[in-house]
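Participant: Could you have a look at this structure, given as structure tokens, before my questions?
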Number of protein chains: 2
Amino acid sequence: MDFNELEQRYKNELLNRVVPFWLNKSQDLEFGGYFSCLDRKGNVFDTDKFIWLQAREVWLFSMLYNKVEKKQEWLDCALHGGEFLKKYGHDGNYNWFFSLNRAGNPLVQPYNIFSYTFAAMAFAQLGLASGNAEYNDIARKTFDRILERQDNPKGKYNKAYPGTRNLKNFALPMIMCNLALEMEHTLGAEAVEKTAKSVMHEVLNVFYRPELGLVVENVNADGSFSDTFDGRLLNPGHAIEAMWFIMDLGVRFNQPEAVAKAEKIMHQMLEYGWDKKYGGIFYFMDAKGHPTQQLEWDQKLWWVHIETLISLLKSIQLTGSEKSLEWFERVHDYTWSHFTDEQHPEWFGYLNRQGEVLLDLKGGKWKGCFHVPRGLYQCWQTLVKLAEK
Amino acid sequence: MDFNELEQRYKNELLNRVVPFWLNKSQDLEFGGYFSCLDRKGNVFDTDKFIWLQAREVWLFSMLYNKVEKKQEWLDCALHGGEFLKKYGHDGNYNWFFSLNRAGNPLVQPYNIFSYTFAAMAFAQLGLASGNAEYNDIARKTFDRILERQDNPKGKYNKAYPGTRNLKNFALPMIMCNLALEMEHTLGAEAVEKTAKSVMHEVLNVFYRPELGLVVENVNADGSFSDTFDGRLLNPGHAIEAMWFIMDLGVRFNQPEAVAKAEKIMHQMLEYGWDKKYGGIFYFMDAKGHPTQQLEWDQKLWWVHIETLISLLKSIQLTGSEKSLEWFERVHDYTWSHFTDEQHPEWFGYLNRQGEVLLDLKGGKWKGCFHVPRGLYQCWQTLVKLAEK
């Protein structure tokens, strides 16, 4: 593969097509914050504001400012969302709502812990970009709320009857792997090391089930496999995304054995999750091959594919894995030939099993200014290192 | 159409294929209640017990006993589930859990009002079948709980922030249309008339939006259209199913104008919801043509199609509508050629847009012993009347 050519391709797509799309189309200049529900051409089709996506866009523009170039319009765009979030996004005590209406009035209560994790990421990165200590303070206070809530993330909205089947879910430790490194400058090395050690163990030794060779989305509270709908549930893209978080932590804490295990798990999830008939990676599967409860199980989602490309490139860069190189070519070809839109910038998000566009939105309730630009940035940077070799 | 031949077809499918499937495959002889997660051949692939489906199977076998034939095995099967539900299904005060594990221990709290509505239906019908007044008493007490909760059905699990956007949902008045008639023998004519009048108004004049010509799933508390994801949401099968409940009420209360309006709405929902490219009725749509939040929007579901057949036949029988006859031929052909399984009894539940089987289960978390046999029974009975004409 020509890493120089690829590097340019990922960089150009990021800086000349995707970033301008969000910069120009998403900012709500009247009420603040961002629109995320944008149709194929970037026109707003709904004005609700989802905290996940508000926070992720603050993070993305702050990150670009911190890592790519000190462009004032990027910082301004990040501050535009940061100020809206600071004012309307939480209940006064850094409990983050799930969604707001256009004007910033809360629509959905703070039931979702990931609103908190993305707010913490956003304000830590914005603090770094702006030099404004208030933002770092919001990030730290939000991180405290996450630690308080991590044993019962849904709080009073938890509908599980206590005691019958106590499961723990993969998503929080998975996100914490990323958040730990994201927040090192605010939390300090000691706190990060403590968090990182615990969440790496959870991901690699608890949610990874060696008897299946797979990462499951839920396990019993004692760490054992649960032969139930939730316990058998696989989300290959989710597990594969976690593997690049683990590789980053493996590099940071000098643990090559963690990198090697993450690479092995990634290959196994790819083998299991790849659609041999139509190509692409399935959204949900059952570890025993039973029907899933998720009707969208066979769809091909943008984030699954771009996150996989990041993990594969990091693996190639860190270990030179031939298997990862082969997989990268396959997933890269599928991704660029199915998710990109030649007519209008930003990528499609949702394809059916056959690879046809299912919803032609560029942003919605769950797709915003995040996975595509973050993924293009991560791939670009890793390709730079590969090209230098 | 040859109504005599059709009548035999629906009857045979019900009595010789579908009913024996559930009778033989679903009863849990060890722990009580029913398995609903059955694969294509009827083998159990998960043992969780969902109250919706437990109650609906009690109702179905009670109804068959009451209306088709006094078969002891049908009554026994209904009692088998009824006793399990009575013992394990609620919290002691007729607040019905959402799901239980195989042994009957609660898994999910009583957050879902439809667990209550199906329990009320089940025990009212079982009371009639068994002559046991205790079951009627459970039905009445459950009905009281529904009335108490109808203004905030999710109770403390409601995540909507109060005041910003107060919506009301179509599903409860829609189900109450059916429940009112189902419970007439337990509640008395006066209570039924009062409930029926109110819910018919909600369905025909509030959730039906004349400016759109469509029934929406949610409206503002004041009855106006909400131009939001929830307010624009359409579920054509849901609206069309409600139309046969309305037709039944129209007959019961001698309101031909309600029957005529239900017929008109049904035709409009069918025109909007029919997939002109691949056939079949879409699962979810947006009233303004925007992308839906529901990723499964384009799938073809069994209950949507069989409920539509019921509504169409009732319309043909009550008014002789030529349009309904044309639609019936189209939907009947699609349904029988796509959902039925020549190899093994019971129907497939979930097809992709193209009409291919998406999940080959015969029962799961949401599909049980209900829509197929109820639909076959309703169609059969209406065809008997049509054949007699």
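Bear in mind these aren't lab numbers, they're just calculated from the coordinates by the rules spelled out. Note that this is a predicted model, so its numbers are computed, not measured. Here Cβ is always computed from backbone atoms with ideal geometry, including for glycine, and neighbour counts include all displayed protein chains.
Participant: Being out of contact with any Pro (no Cβ under 7 Å at 6 or more places or on another chain), under 25 Å from residue A:84 (Cα atoms) and assigned to a helix (DSSP H, G or I) is true for just one of A:8, A:54. Which residue is that? Talk me through it step by step, then tell me what you get.
Facilitator: Working: A:8 fails: under 25 Å from residue A:84 (Cα atoms).
That would be A:54, the only listed residue that is out of contact with any Pro (no Cβ under 7 Å at 6 or more places or on another chain), under 25 Å from residue A:84 (Cα atoms) and assigned to a helix (DSSP H, G or I).
Participant: Exactly one condition in (1) buried (at least 24 other Cβ atoms within 10 Å of the Cβ); (2) in contact with a helix residue (DSSP H, G or I) (Cβ under 7 Å, 6 or more places away or on another chain); (3) within 14 Å of another protein chain (Cβ to nearest Cβ) is false for residue A:53; which is it?
Facilitator: Only one criterion is unmet by residue A:53, namely (2).
Participant: Count, please, the residues in the range A:77-120 that happen to be of a type in the set (Phe, Trp, Tyr) and within 13 Å of another protein chain (Cβ to nearest Cβ). Walk me through how you get there before you give the answer.
Facilitator: So the first thing to find is which residues in the range A:77-120 are of a type in the set (Phe, Trp, Tyr), and the list is A:84, A:88, A:94, A:96-98, A:111, A:114, A:116, A:118.
Applying the additional criterion that residues be within 13 Å of another protein chain (Cβ to nearest Cβ) yields A:88, A:96-98, A:111.
Residues that pass the stated criteria total 5.
Participant: Please state which one of B:260, B:221, B:287, B:239 is more than 27 Å from residue A:292 (Cβ to Cβ), buried (at least 19 other Cβ atoms within 10 Å of the Cβ) and away from chain A (no Cβ under 14 Å).
Facilitator: Working: B:260 fails: buried (at least 19 other Cβ atoms within 10 Å of the Cβ); B:221 fails: buried (at least 19 other Cβ atoms within 10 Å of the Cβ); B:287 fails: away from chain A (no Cβ under 14 Å).
Result of the check over B:260, B:221, B:287, B:239: B:239.
Participant: Being under 20 Å from the mean Cα position of the chain (by Cα), surrounded by fewer than 24 Cβ atoms within 10 Å (Cβ to Cβ) and at the interface with chain A (Cβ under 10 Å from one of its Cβ atoms) narrows it down to one of B:377, B:350, so name that one. Steps first, answer last, please.
Facilitator: On the way: B:377 fails: at the interface with chain A (Cβ under 10 Å from one of its Cβ atoms).
Going through B:377, B:350 in turn, just one is under 20 Å from the mean Cα position of the chain (by Cα), surrounded by fewer than 24 Cβ atoms within 10 Å (Cβ to Cβ) and at the interface with chain A (Cβ under 10 Å from one of its Cβ atoms): B:350.
Participant: Considering only residues that are among the acidic types (Asp, Glu) and surrounded by 24 or more Cβ atoms within 10 Å (Cβ to Cβ), which ones fall in the range B:297-328?
Facilitator: The first filter runs over the range B:297-328 and keeps only residues among the acidic types (Asp, Glu), leaving B:298, B:307, B:322, B:326.
Within the range B:297-328, just B:307 meets the criteria.
Participant: List the pairs whose first member sits in the range A:325-338 and is closer than 15 Å to residue A:271 by Cβ, whose second member is aliphatic (A, V, I, L, M), and whose Cβ atoms are under 7 Å apart, counting only residues at least 6 apart or on separate chains?
Facilitator: Once the first residue is closer than 15 Å to residue A:271 by Cβ and sits in the range A:325-338, its partners that are aliphatic (A, V, I, L, M) give A:327/A:270; A:327/A:312; A:328/A:309; A:328/A:312; A:328/A:313; A:328/A:316; A:331/A:309; A:331/A:312.
Participant: Note down all Cβ pairs under 6 Å where the first residue falls in the range A:183-195 and is touching a residue at least 12 places away in the same chain (Cβ under 8 Å) and more than 17 Å from residue A:245 (Cα to Cα), the second is of a type in the set (A, V, I, L, M, F, W, C) and buried (at least 21 other Cβ atoms within 10 Å of the Cβ), and they're at least six residues apart or on different chains.
Facilitator: Correct list of pairs: A:186/A:124; A:186/A:139.
Participant: Something else now. How many residues does the range B:157-200 contain that are closer than 17 Å to residue B:231 by Cα and hydroxyl-bearing (Ser, Thr, Tyr)?
Facilitator: Total meeting the criteria: 2.
Participant: Which of (1) outside any helix (DSSP H, G or I); (2) crowded, with 20+ Cβ neighbours inside 10 Å is the odd one out, the single condition residue B:121 does not satisfy?
Facilitator: Every condition holds for residue B:121 apart from (1).
Participant: Still on this structure, please answer the following. Checking the structure you have, find out if any residue of the range B:62-77 is at positive phi and not in a helix (DSSP H, G or I). Explain how you work it out, then say what you get.
Facilitator: Let us first name the residues in the range B:62-77 that are at positive phi, namely none.
There is no residue in the range B:62-77 that is at positive phi and not in a helix (DSSP H, G or I).
Participant: Which residues, counting only those in the range B:291-310, are within 13 Å of chain A (Cβ to nearest Cβ) and in contact with a Cys (Cβ under 9 Å, 6 or more places away or on another chain)?
Facilitator: Passing the criteria: only B:291.
Participant: Looking at (1) under 16 Å from the mean Cα position of the chain (by Cα); (2) crowded, with 20+ Cβ neighbours inside 10 Å, can you tell me which one residue B:335 breaks?
Facilitator: (1)
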